[in-house]
Amino acid sequence: MNLTSVTNRIKIPEVEQFLRYIQTDIVALPGRSECPDPNDADNALNTIDRLCRENPGKYVHTSQYSNRANTHIHATTTAQELYEDLPHIDTIVTGVGTGGSSGGLIEFAQKYDKSTKHIGVVANPSDFLPGIRTKNELFETELFGAEQFDELREVTSLEALEALQKLVIQEGVLAGPTTGANFAALLAYLQQHDTLRDDGQKNIAVFIACDRLESYMSYIMKRQPELFGATLHSDVYTATIVDEETDDLTVSPDDGVQDWIAASGILVVDTRGAKPYGNFRIPGSINYPEELLKEVLETGMPFANQKVLFVCPTGDRSLYLAKTLRGRGVESYSLAGGLVAWRTARLPLERRA
């Protein structure tokens, strides 16, 4: 059986190397950024659906984002093994990627009336975490249900990697960044809930180790170069934003925003990929895909002596770009709510003829 992988962001080189090693036909969608575009009709899932329609009988879409077999196998294996091995489970912490492992654990707990709390781990929008989505990306998977979780916890890549190093060095667990994120979220949760059960027994908390270390060394080297003898640590992956900063960093898409753009002479930078940018964009904006922009920011300084307004689909990732540039002395902003909010406000867009 031949495997075809349709993707717009293989971010880990070792993953692509493995797929090519097993002779996978990779359909790479060019020019996409990390920020998913809910208005792009040519995203990965729609492309897969089109391939299946145009080639009846040739493809079977395994669809880990919507196939309930994904959650079911975790309910009948992962969850069953955990509850058989432990006298009780008070808390389970799982990363939310496809929603398969977390959904399967929840499915089992609900079926057998378990009182377990379920903590979902999501990525902080400041950076990319392999296998975990941000809150604004969760629309991509049909297996995710926010109401099923007791809590969703955001984790940054650096928090995940610091926790991962503890697992690897102190415990000998050769897991990857997703596992590190789960462990980081668990530690933070336990610091706030370090109490005994009502019956006097210790609480039992479980986190899922779901990836291996070897495939992610290039990812770790990029974000923690000091561990490998390098001294340069890019600020691209370390921006953090407190609530008080948001108003100063964002511009609202209201009736006066167009006049403000014209009067200030600000450069509007659309960080989506080339294709969605070509389909529609804010008049006068330029295209600088986020993935390319981050590479340039690691070694250079674009937009010197300019005012910049960053735009992405939902306004989360552009906020961190604005914070990074602001930290380098550039007057930079993010469009609040992104292009979704701009369209909702019925502000003008340039469209492909």
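The values are calculated or read from the model by the stated rules, or taken from the named source; none is laboratory data. Only a predicted model underlies this, so the values are computations on that prediction, with no experimental measurement involved. FYI the Cβ positions are ideal-geometry reconstructions off the backbone, even for glycines, and counts take in every protein chain you see. Remember, those area values only see protein heavy atoms, side chains included, never the ligands or the DNA or RNA. Shrake-Rupley method; radii C 1.70, N 1.55, O 1.52, S 1.80 Å.
For the stretch 112-128 and the stretch 284-353, what is the separation of their Cα centres, given in Å?
Using only Cα atoms, the two centres lie 29 Å from each other.
Keeping all protein chains in place and using 1.4 angstrom, which order do R352, R272, R153 fall into by accessible surface area, from largest down?
R352, R153, R272
Go through K58/K222; K114/K135; K166/K202 and tell me which ones have a Cα-Cα distance over 28 Å in this structure.
Working: K58/K222 39 Å; K114/K135 26 Å; K166/K202 23 Å.
Cα-Cα > 28 Å for K58/K222; rest within.
Once every DSSP H run of n ≥ 4 in the chain is given -39500 (n - 2.57) and the sum is divided by its residues, what mean residue ellipticity at 222 nm do you get, rounded to the nearest 500 deg cm²/dmol? Before the final figure, lay out each step's value.
Numbers: 14 runs with 131 residues, N = 353.
Computed ellipticity for the chain at 222 nm equals -10500 deg cm²/dmol.
I want the local charge near D25. Using Cβ-Cβ distances under 13 Å, sum +1 for each Lys or Arg and -1 for each Asp or Glu among the other residues.
Charge balance near D25 sits at +1.
Could you tell me how far the Cα centroid of the stretch 68-104 sits from the Cα centroid of the stretch 235-268, in Å?
Each part reduced to its Cα centre gives a spacing of 41 Å.
Accessible area of I12, 1.4 Å probe, to the nearest 10 Å²?
For I12, the solvent-accessible surface is approximately 10 Å².
Using only Cα atoms, tell me the angle between helix 317-327 and the longest principal axis of the chain; keep it within 0 to 90° and round to the nearest 10.
Value to nearest ten degrees: 70.
Suppose R0 equals 41 Å; then what is the FRET efficiency for L19 and L347 from their Cβ-Cβ distance, rounded to the nearest 0.05?
With R0 = 41 Å, the Cβ-Cβ based efficiency is 0.50.
Compare K58, K135 by solvent-accessible area with a 1.4 Å probe and give them largest first, with all protein chains kept in place.
K58, K135
Obtain the nm distance between the two label points defined at N2 and D194 by a simple spin-label model: each point lies 7 Å from its Cα along the Cα-to-C-beta direction.
So the label points at N2 and D194 sit 5.7 nm apart.
Grab the Cα-Cα distance for I26 and E245, subtract it from 0.36 nm times how many residues apart they are, and report the gain in nm with one decimal.
Length gained between I26 and E245: 74.7 nm.
Using the heavy atoms of the protein chains and a 1.4 angstrom probe, tell me the accessible area per residue for the chain in square angstrom.
For the chain, the solvent-accessible area averages 51 Å² per residue.
Could you point to the label whose value was computed as Cα extents along the principal axes in Å for the structure here, given (i) 67, 57, 31; (ii) 66, 52, 43; (iii) 65, 55, 41?
Calculated Cα extents along the principal axes in Å: the matching label is (ii).
If the cut-off is a Cα-Cα distance under 23 Å, which lysines reach K275, setting aside same-chain residues fewer than 8 apart in sequence?
Hits, sequence-local ones excluded: K11, K294.
What is the dipole size for the chain, taken about its Cα centre, with +1 at each Lys and Arg Cβ and -1 at each Asp and Glu Cβ, in debye to the nearest 20?
1040
Using the Cα centre of the chain as origin and beta-carbon charges of +1 (Lys, Arg) and -1 (Asp, Glu), tell me which of P56, G104, L3 is placed farthest towards the positive end of the dipole.
P56
Using protein chains only and a probe of 1.4 angstrom, how many square angstrom of L3 are accessible, to the nearest 10?
The accessible area comes out at roughly 90 Å².
Give me the net charge of Y83's neighbourhood, meaning all other residues with Cβ under 15 Å from the Cβ of Y83; Lys, Arg count +1, Asp, Glu -1.
Surrounding charge for Y83 is -3.
Compute the distance in nm between two label points, each set 7 Å from the Cα along the Cα-to-Cβ direction, one at E295 and one at I204.
Between E295 and I204, the label points sit 4.9 nm apart.
Can you give the accessible area of L51, probe radius 1.4 Å, in Å² rounded to 10?
Accessible area of L51: about 40 Å².
Leaving ligands, DNA and RNA out of it, rank C312, C52 by accessible area with a 1.4 Å probe, largest first.
Result, largest first: C52, C312.
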